[in-house]
Amino acid sequence: MKKSRMKAKQGGAASGLLASAAAMLVPSVAKATTFNETTDFPEDLDAPFFLPANVDQVNGTLQNISGGGGDHDDVFVFTGWTPGTQFTLQIIHTQNSGAFNQETLNWFDEDTNATLDSRTVAPNQSASFNGIVPANGNIAVDVHLGINAEGTNDAYTINLTAQAVPEPGAIALMGAAVATAAIAKRLRRRKKK
């Protein structure tokens, strides 16, 4: 009886360590890492702004300035996401200056600039779509100000829900847990003989 309890404790400790390490690899629901546009994002698909890794919320503005100028597009790239996993992008048209302005969220291919998906929203509305994180772990987007009146400013929030690439420390801990479980199993086999 005592021997079987000891085995259960050994197996339980290794399993517990393994479960703890695995839990660290699965990203938990955490407070959003927000990036606020303080300097205008580029408007060129060939030269987007690369956000810091794992930013999952962006707040920005678009403008139509009298005389034909303005900031009609914000082009940026979410980085550091697990390739091959599903993501959801949501655009919230948070503020407009009174005119009926539409904003369009475009997900595009970094290599070809081809639009992969797109959603248009009216003021104080939101829209979202799903996709698969590309092999490079980046999700490239263009936010475009559509129908607008001169001299208007529109604000938006983009939310990204995706699985982040695990931290190297979490991967090392998982490796240590697997090694510990293997050693515990080997010791149990030796004691049986």
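The values are calculated or read from the model by the stated rules, or taken from the named source; none is laboratory data. Because the structure is a prediction, the values reported are computed rather than measured. Cβ coordinates were reconstructed from backbone atoms using ideal geometry, including for glycine residues, and neighbour counts include every protein chain displayed. Calculation scope for accessible area: heavy atoms of the full protein, side chains included, ligands and nucleic acids excluded. Shrake-Rupley method; radii C 1.70, N 1.55, O 1.52, S 1.80 Å.
At-a-glance table
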{"quantity": "Cβ-Cβ under 6 Å pairs, at least 6 apart or on other chains, segment 115-134 side on the phi < 0 side of the Ramachandran plot and of a type outside the set (A, V, I, L, M), far side open to solvent by 30 Å² or more (accessible area, probe 1.4 Å) and in a loop (DSSP other than H, G, I, E, B)", "calculated": "T120/Q102"}
{"quantity": "Conditions (1) assigned to a helix (DSSP H, G or I); (2) at pLDDT 75 or above; (3) surrounded by fewer than 15 Cβ atoms within 10 Å (Cβ to Cβ); number of the one not met by T180", "calculated": "(3)"}
{"quantity": "Residue selected from segment 21-37 under the condition part of a loop (DSSP other than H, G, I, E, B) and modelled with pLDDT of 85 or more, by the criterion nearest to T94 (Cα to Cα)", "calculated": "E37"}
{"quantity": "Elements of type strands (runs of 3 or more DSSP E) contained in segment 38-97, each with 1 or more residues being open to solvent by less than 10 Å² (accessible area, probe 1.4 Å), at pLDDT below 90 and within 29 Å of I132 (Cβ to Cβ)", "calculated": "57-64, 86-96"}
{"quantity": "Search result, residues across segment 132-160 that are assigned to a loop (DSSP other than H, G, I, E, B) and either modelled with pLDDT under 90 or of a type outside the set (A, V, I, L, M) (or both)", "calculated": "P134, N136, G137, N138, G146, I147, N148, A149, E150, G151"}
{"quantity": "Filtered residue count, segment 116-143, keeping only those that are touching a strand residue (DSSP E or B) at 6+ places or on another chain (Cβ under 8 Å) and either open to solvent by 40 Å² or more (accessible area, probe 1.4 Å) or charged (D, E, K, R) (or both)", "calculated": "12"}
{"quantity": "Any hit, segment 161-175, residues being under 26 Å from T38 (Cα atoms) and at pLDDT 80 or above", "calculated": "yes"}
